[in-house]
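Read the structure below first, then the notes.
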Amino acid sequence: MTEQSDERRGGAQVGDAPGSDSAGDGGPGGGSTQDGAPGSGSARDGAVSGDNATGDGSAPDDGHGSGSVRNDAPGSRAGRDDGPGSDAGGDGADGSDSASGDSSPGSSSSADMPARELRITVARTGGVAGLRPSWTVTASEPADVDSWLSLVESCPWNGPEPVDADPDRFVYTIRVLQPETERDAQVPERHLGPWRDLIDRVKKASST
Amino acid sequence: MSHLPNPLASNTPLPSTAASPPAGAVHRSRGAHSIVPPYLLARIAQADAFGLQRAAEAARRSLLADSPLRDERVRATASSPATPQELLAAAPLVPVVDRTIADAGNTETLPGRLVRRESDAPTGDVAVNEAYDGLGATFALLLDAFGRDSVDGKGLPLEATVHYGDDYDNAFWDGERMVFGDGDGEVFGRFTASLSVIGHELAHGVTQYTAGLAYEGQSGALNESFSDVIGALVEQHSLGQRADAASWLIGEGLFTDAVEGRALRSMIEPGTAYDDDVLGKDPQPADMAGYIDTADDNGGVHLNSGIPNRAFALAAVELGGNAWEGVGRVWYDTIIGPLSPTATFAEFADATLAAARVRFGDDSAELSAIERAWSTVGVRSDDRAE
């Protein structure tokens, strides 16, 4: 199986920010920036396979849910880009970046990002199957960034830490990366309520 | 949807649970089981028509010999002053499965619309029928192999909801009922399709009512593993399959044809259930050398469960015969305790050895097979023994 699921769990996409019904979002550099944005390859490669591989599991925790420390992830691509906004288009046009990127969604740091870029990754663990799919969207168009941000801000990032794990139920890890900030949350399926809209939209945008 | 009473009960000509018992008498308000006098056992023994093959077999056996459960109940009843109703109630008891299936209509609202009750004829919905039959097969294993009356040991009615959510890729036990998604159609089909998964989920209920293994780290992996054990045993028991003929696969038939894989997990060969370009390779370790430290998945509960899974399967295959009678019985004895809710693999291994000694003796083949299996997977219980 390849195309269907690749598409379904695919990597970064643009132009599907919440409230935006433009599929193409023809903003300057829009599409190419997305494709080449650090982590877009990881979203694709790591959708399920990379993170589900034994190697990933046995490696030290890559920081999921560990709080908002920037630029500390293993395999950080810091240094590849000269700075916010630089070479975004060119980087994006170079498909090899995706292939050579690491396969962990948490591997790229927010410091690598263009000034207005926003990346949201949703990873799901648990479930009777024990698989670990993830979905990522990246936005750089101001309107898209603002639109996603308002959705992000509507979530209870400082809510209480949920306790009791439910057997075989899903747990979602949500990570929002911006140039200066990183936010992480782990949300059990049972408490999905206020997060559902964000998660559903990321999934949908990631698969279109 | 009619709400027909259980025909086995409705045809009872004498007072049973239907009568109002005095305080202290046996009373089952939810119809979890019936108090069945001997003349009704014959009816239950013919209940195969309702898909209750194993329950019917159990009833047939009860006609021939007292089961431990029956002794227990007769003793319990005999220990207090008897009223006339209690004397009636003192008739031998045979646990009877009580299933209810609901349809969530692809929403996430539970329980959903009731679509099939106990003894109703099959519906036109395969998911409903698979759930119904799977609950029955699990009930039958627990009763037949372990003398356990349903998930809680007290005749808990078994309830399930099918068609949960939209393209929902999971099945789970929510503490009260089983819930099945239809799958997304790309990676997964409907989750009722695997009997081992139904048994797996209901076994989470058994663990909840017994050892209460914390769903985190090694105790969480043991919780997962015990569910896989019961899932595999339910399949083998329903097929009348010996350990050496079993697939030891969990979740066979859930993947669509597009996936390169046989099942979700292999108990006998962890790490080999699938190898797919999108899903990746089955990540389960087969021994302690491959133990995975991770914060995800509650500390890798679905990953490291491969280690105790393999110990179980290795011992069962070495012993041959029906796994639910040998190693399965030991694992069940272990889970009903005494066992710490935060047990480690080594502590659990010790507990299985203690249970094997009690059940089968110090010189038993069961004990030595289980010892060897734990050693093979790198869980050396003797590390702890002083």
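The values are calculated or read from the model by the stated rules, or taken from the named source; none is laboratory data. Model, not experiment: these values are computed from the prediction. Glycine also receives a Cβ, built like all others from the backbone with ideal geometry; neighbour counts cover every protein chain displayed.
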Exercise. Among the basic types (Lys, Arg) and facing chain A (nearest Cβ under 8 Å): does that describe B:Arg242?
Worked result: no
Exercise. Which condition does B:Ala289 not pass, out of (1) within 12 Å of chain A (Cβ to nearest Cβ); (2) within 26 Å of the chain's Cα centre (by Cα), if it passes all the others?
Worked result: (2)
Seminar exercise, completed: Going through (1) surrounded by 24 or more Cβ atoms within 10 Å (Cβ to Cβ); (2) within 11 Å of chain A (Cβ to nearest Cβ); (3) assigned to a helix (DSSP H, G or I) one by one, B:Gln208 fails only at (1)
Exercise. From the set of residues in the stretch B:355-378 that are in contact (Cβ under 8 Å) with a residue 12 or more places away in the chain and of a type in the set (Gly, Ala, Ser), which is surrounded by the most Cβ atoms within 10 Å (Cβ to Cβ)?
Worked result: B:Ala356
Problem set entry | Flag for A:Trp148 being assigned to a loop (DSSP other than H, G, I, E, B) and away from chain B (no Cβ under 14 Å) | no
Seminar exercise, completed: Those residues of the stretch B:269-296 which are farther than 15 Å from B:Ala221 by Cα and touching a residue at least 60 places away in the same chain (Cβ under 8 Å) amount to B:Val278, B:Leu279, B:Ala289
Exercise. Just for the stretch A:155-177: of the residues that are more than 9 Å from every other protein chain (Cβ to nearest Cβ) and buried (at least 19 other Cβ atoms within 10 Å of the Cβ), which one is nearest to B:Ala295 (Cα to Cα)?
Worked result: A:Tyr172
Exercise. Filtering the stretch A:186-198 down to residues that are touching a residue at least 24 places away in the same chain (Cβ under 8 Å) and out of contact with any Phe, Trp or Tyr (no Cβ under 6 Å at 6 or more places or on another chain), which residue is nearest to B:Tyr164 (Cα to Cα)?
Worked result: A:Arg190
Exercise. Is it true that B:Phe139 is over 15 Å from the mean Cα position of the chain (by Cα), modelled with pLDDT of 95 or more and not hydroxyl-bearing (Ser, Thr, Tyr)?
Worked result: no
For this session: Could you list all residues from the stretch B:302-331 that are out of contact with any Ser or Thr (no Cβ under 9 Å at 6 or more places or on another chain) and closer than 19 Å to B:His204 by Cα?
Result: B:Trp324, B:Gly328, B:Arg329
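Assess whether B:Ala286 counts as being surrounded by 24 or more Cβ atoms within 10 Å (Cβ to Cβ), modelled with pLDDT of 95 or more, of a type in the set (A, V, I, L, M) and farther than 29 Å from B:Asp182 by Cβ. Don't jump to the end; show me each part of the working.
Numbers: surrounded by 24 or more Cβ atoms within 10 Å (Cβ to Cβ): no; modelled with pLDDT of 95 or more: yes; of a type in the set (A, V, I, L, M): yes; farther than 29 Å from B:Asp182 by Cβ: yes.
Spelling it out, it is not the case that B:Ala286 is surrounded by 24 or more Cβ atoms within 10 Å (Cβ to Cβ), modelled with pLDDT of 95 or more, of a type in the set (A, V, I, L, M) and farther than 29 Å from B:Asp182 by Cβ.
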Exercise. Yes or no: B:Gly251 crowded, with 24+ Cβ neighbours inside 10 Å and at the interface with chain A (Cβ under 8 Å from one of its Cβ atoms)?
Worked result: yes
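Name the residue that is nearest to B:Gly212 (Cα to Cα), counting only residues in the stretch B:158-168 that are away from chain A (no Cβ under 13 Å) and crowded, with 21+ Cβ neighbours inside 10 Å.
The initial filter retains those residues of the stretch B:158-168 that are away from chain A (no Cβ under 13 Å), namely B:158-163.
Filter once more, keeping what is crowded, with 21+ Cβ neighbours inside 10 Å: B:158, B:160-163.
Details: B:Leu158: 19, B:Ala160: 21, B:Thr161: 24, B:Val162: 26, B:His163: 29 Å.
Per the stated criteria, the residue is B:Leu158.
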Problem set entry | Residues of the stretch B:169-193 classified as touching a strand residue (DSSP E or B) at 6+ places or on another chain (Cβ under 8 Å) and within 9 Å of chain A (Cβ to nearest Cβ), total | 8
Problem set entry | All positions within the stretch A:128-139 that are touching an Asp or Glu at 6+ places or on another chain (Cβ under 6 Å) and of a type outside the set (Lys, Arg) | A:Val128
Exercise. Does the stretch B:211-231 contain any residue that is among the aromatic types (Phe, Trp, Tyr), crowded, with 21+ Cβ neighbours inside 10 Å and closer than 23 Å to B:Ala316 by Cα?
Worked result: yes
Seminar exercise, completed: Within the stretch A:151-178, the residues that are among the hydroxyl-bearing types (Ser, Thr, Tyr) and assigned to a loop (DSSP other than H, G, I, E, B) are A:Ser154
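Collect the residues in the stretch B:144-187 that are assigned to a loop (DSSP other than H, G, I, E, B), among the β-branched types (Val, Ile, Thr) and within 23 Å of B:Val115 (Cβ to Cβ), keeping them in residue-number order. So that I can check it myself, show each step before the final result.
Restricting attention to the stretch B:144-187, the residues satisfying the condition of being assigned to a loop (DSSP other than H, G, I, E, B) are B:147-157, B:165-170, B:174-177, B:182-187.
Imposing the further condition that a residue be among the β-branched types (Val, Ile, Thr) reduces the set to B:151, B:187.
Within the stretch B:144-187, B:Val151 is the sole residue that qualifies.
Hey, can you tell me all the residues within the stretch B:240-286 that are assigned to a strand (DSSP E or B) and either in the same structural domain as B:Gly185 (by TED's automatic domain parsing) or under 25 Å from B:Ala137 (Cα atoms) (or both)? Let's see the steps before the verdict.
If we filter the stretch B:240-286 for residues that are assigned to a strand (DSSP E or B), which is where we start, we get B:249-250, B:255, B:261, B:265-266, B:274-276, B:280-281.
The answer is B:Leu249, B:Ile250, B:Phe255, B:Arg265, B:Ser266.
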Exercise. Quick one: would you say B:Leu264 is facing another protein chain (nearest Cβ under 8 Å) and touching a strand residue (DSSP E or B) at 6+ places or on another chain (Cβ under 8 Å)?
Worked result: yes
Seminar exercise, completed: When every residue in the stretch A:122-145 that is over 16 Å from the mean Cα position of the chain (by Cα) and surrounded by fewer than 21 Cβ atoms within 10 Å (Cβ to Cβ) is compared, the one nearest to the other protein chains (Cβ to nearest Cβ) is A:Ala143
